[in-house]
2 protein chains.
Amino acid sequence: MKRITITDVAKLACVSKSTVSQYLNKRYDYMGETTKLRIENAISQLGYQPNIVARSLKQKRSSTIGVIVANILHSFSTKVIRAIEDTCNENDFHVIVCNADDDPVKEEKYIQMLLAKQIDGMAIFPTGGNLALYDSMVKMNYPVVFLDRMIEGVNIDAFLLDNENASNLAVKHLVDRGHTRIGVVTPSIERMVTPRVERLEGFKKALKVHGLPVTNEYIKSMGVDKLQSGLKEMFSLCEKPTALVASNDLTLFEVLKFVKENGLNIPEEIEVVGFDDIPFATVLEPSLSFLSQPAFEMGNKAAERLLEKIEKRDVLFESEIHRFQPTLFQGQLPKN
Amino acid sequence: MKRITITDVAKLACVSKSTVSQYLNKRYDYMGETTKLRIENAISQLGYQPNIVARSLKQKRSSTIGVIVANILHSFSTKVIRAIEDTCNENDFHVIVCNADDDPVKEEKYIQMLLAKQIDGMAIFPTGGNLALYDSMVKMNYPVVFLDRMIEGVNIDAFLLDNENASNLAVKHLVDRGHTRIGVVTPSIERMVTPRVERLEGFKKALKVHGLPVTNEYIKSMGVDKLQSGLKEMFSLCEKPTALVASNDLTLFEVLKFVKENGLNIPEEIEVVGFDDIPFATVLEPSLSFLSQPAFEMGNKAAERLLEKIEKRDVLFESEIHRFQPTLFQGQLPKN
DNA sequence: CTGAAAGCGCTTACAG
DNA sequence: CTGAAAGCGCTTACAG
């Protein structure tokens, strides 16, 4: 049951290990035809598979990247992972997926582990809780890209939605449909998570742009567990909102739950715009509008950039914020 | 920018590499207190991180398993991955996730890659297209578990739903609600994918158990792209079905699309039972019933078994089929 | 065109 | 209680 090594191949083919290695690495430049054939035969006869671990140790490259997502159960994350994996595959890179659970402690553990495994680079949905660690990676010129979120003051490429514009599109859509009392529901922005902050800011700006007042009673930014009572408050006002923007899937869920439990009608009594897509939204009721993120494109672009940084490890890159545009969908969702 | 190695630590602590290695591996048995302290200090002073690749090469273990899913975009797969990852984490194992896209060629490539990386074991949602390869892993006594599907004649543990019972529960539910004309919609069973075959078989058996005839016109098993015309046929019958079982999420989607496009009312005109959960199903309309799989439990159990096999690599295990019971949910979905 | 030798960073008997 | 030496399976200058 012992594994076949390069030595076995060399013996069988009557050449040295070096030559077999050349063959494996496709350095055929000076290799005799017959040598090549002998090696080829030996390999297939023995069913030889190079040991990638040994190669990595020597080459100090693993042809593997790590992806640390906040939560793999979010469909946005899944799509991004999928896109990253596709891009990596095309370039003969492998992907290790990790879940940080939005927990800085777990995130740190995973980053350390990936570094110890000599992973060539990482794509991270950062928790924001490991500033020193992010910085140390920058110092080492270690290849990293951020997704979905950016960290102020950390010099790392970030790939994220144009969140302000997304909020603006949502508000514009509702204004166009005649609404003037528009509310917004977002998770707590205490931890300054980029999309939450930017979507809320964008929402307020958009109201002003459209000549509407910013009414604090229409803005609920709080832990998801408190949203039901927040919504109850909002809907006890004399001037109830007639439309709501739900800034992510969790808040949308709470909004729909509230709507259902209170027997409100969509869109007659309350019109709702959500972020990201709900699978099956096309074929279910009520029909909602969504700001969809180009998840696959974001994943692809982030992966390409990461691979480029890995390729040119010696080059010092200027880090950039890469913004992606959302698309507004009504009832029907895009295929991606 | 050169990495700190064990040699650097040894030098700084004025001990040999061996001793540092002992320390790293927590073999303190005979280690002097002061030696221990010196090493500890040296490590933290240098910010030393052991190179896992080198360790793996020597130990011939990587403390990593691979998961090959058919499609990461399915929420069932995501949940299973998540559960496997949690279990692995508790045991200091890492997880590499791969997408086979239900393509045997891709599956083979991934399996080879994982083997070359000296991964300690694999959890696979098998395509069924690589019998020889599965067998060769069995021959090597390489630790593998299958998920969601089993492969006839291949001696590997499989963790899957009690599909026949699931179909039976679906039929029973509908019969209890007074239905006698019950249809079923499943993807093509040409490739003999376990859940599809078993769910269809189970459906037929359940009809008989409940004294209902098996009507071929009520059974549509075909490529998802042909389902719309299949459903059209079914609903052109004089005796239309009054209830439908959709055996997975894709077929459920087609059913709901058909229902919506044809303005049918759920549940008045047609009652629907699906498999797996649709996120948001609780708060949307129409309210459906679902047979939910205990995805987290399945992932956990599969991972535990896999780790056990890795732990006791020398032991020859009897392979078993592990069945899990579905739960019928109406409108409301379970938290997992 | 091919091979001998050194080395990647660890671990592990074994000797003392 | 600690260290010298060999070795895991590769790759890579370098020599010839």
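Data table
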item	result
Cβ pairs under 7 Å, 6+ apart, first in the stretch B:1-18 and more than 11 Å from DNA strand C (Cβ to nearest atom), second at pLDDT below 85	B:15/B:35
Strands (runs of 3 or more DSSP E) wholly inside the stretch B:168-270 containing at least 1 residues that are more than 27 Å from residue B:285 (Cβ to Cβ)	B:219-221
Residue satisfying all of: in the stretch A:23-54; within 14 Å of chain B (Cβ to nearest Cβ) and in a loop (DSSP other than H, G, I, E, B); nearest to residue B:111 (Cα to Cα) among these	A:49
Flag for residue A:12 being away from DNA strand D (no atom under 16 Å from the Cβ) and out of contact with any Asp or Glu (no Cβ under 8 Å at 6 or more places or on another chain)	no
Qualifying residue in the stretch A:2-9 (condition: closer than 30 Å to residue A:119 by Cα, touching a Ser or Thr at 6+ places or on another chain (Cβ under 9 Å) and facing chain B (nearest Cβ under 10 Å))	no
Filter result for the condition that a residue is under 35 Å from the mean Cα position of the chain (by Cα), away from DNA strand D (no atom under 16 Å from the Cβ) and polar (S, T, N, Q), over A:89, A:41	A:89
Search result, residues across the stretch A:232-280 that are on the phi > 0 side of the Ramachandran plot and either touching a Leu at 6+ places or on another chain (Cβ under 7 Å) or not small (Gly, Ala, Ser) (or both)	A:276, A:280
Residue in the stretch A:55-65 that is in a loop (DSSP other than H, G, I, E, B), without any contact (Cβ under 8 Å) to a residue 60 or more places away in the chain, away from chain B (no Cβ under 11 Å) and within 16 Å of DNA strand C (Cβ to nearest atom) present	no
Which listed residue is within 16 Å of DNA strand D (Cβ to nearest atom), at pLDDT below 90, more than 30 Å from residue B:61 (Cβ to Cβ) and among the small types (Gly, Ala, Ser), from A:32, A:47	A:32
So residue A:2, is it modelled with pLDDT under 85, closer than 21 Å to residue B:111 by Cβ and within 11 Å of DNA strand D (Cβ to nearest atom)	yes
Top-ranked residue in the stretch B:220-238 [being of a type in the set (A, V, I, L, M) and crowded, with 18+ Cβ neighbours inside 10 Å; ranked as nearest to residue B:175 (Cα to Cα)]	B:234
Residue in the stretch A:194-209 that is of a type outside the set (S, T, N, Q) and on the phi > 0 side of the Ramachandran plot present	no
Residue count for the stretch A:28-41, restricted to those that are more than 8 Å from DNA strand C (Cβ to nearest atom) and out of contact with any Lys or Arg (no Cβ under 8 Å at 6 or more places or on another chain)	5
Unmet requirement for residue B:141, which otherwise passes all of (1) surrounded by 24 or more Cβ atoms within 10 Å (Cβ to Cβ); (2) touching a residue at least 40 places away in the same chain (Cβ under 8 Å)	(1)
Single condition residue B:70 does not satisfy, out of (1) touching an Asp or Glu at 6+ places or on another chain (Cβ under 8 Å); (2) within 9 Å of another protein chain (Cβ to nearest Cβ); (3) crowded, with 22+ Cβ neighbours inside 10 Å	(2)
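The values are calculated or read from the model by the stated rules, or taken from the named source; none is laboratory data. Here the structure is a predicted model, which means the values were calculated and not measured. Every residue, glycine as well, gets a Cβ built from its backbone with ideal geometry; the counts of neighbours run over all protein chains shown.
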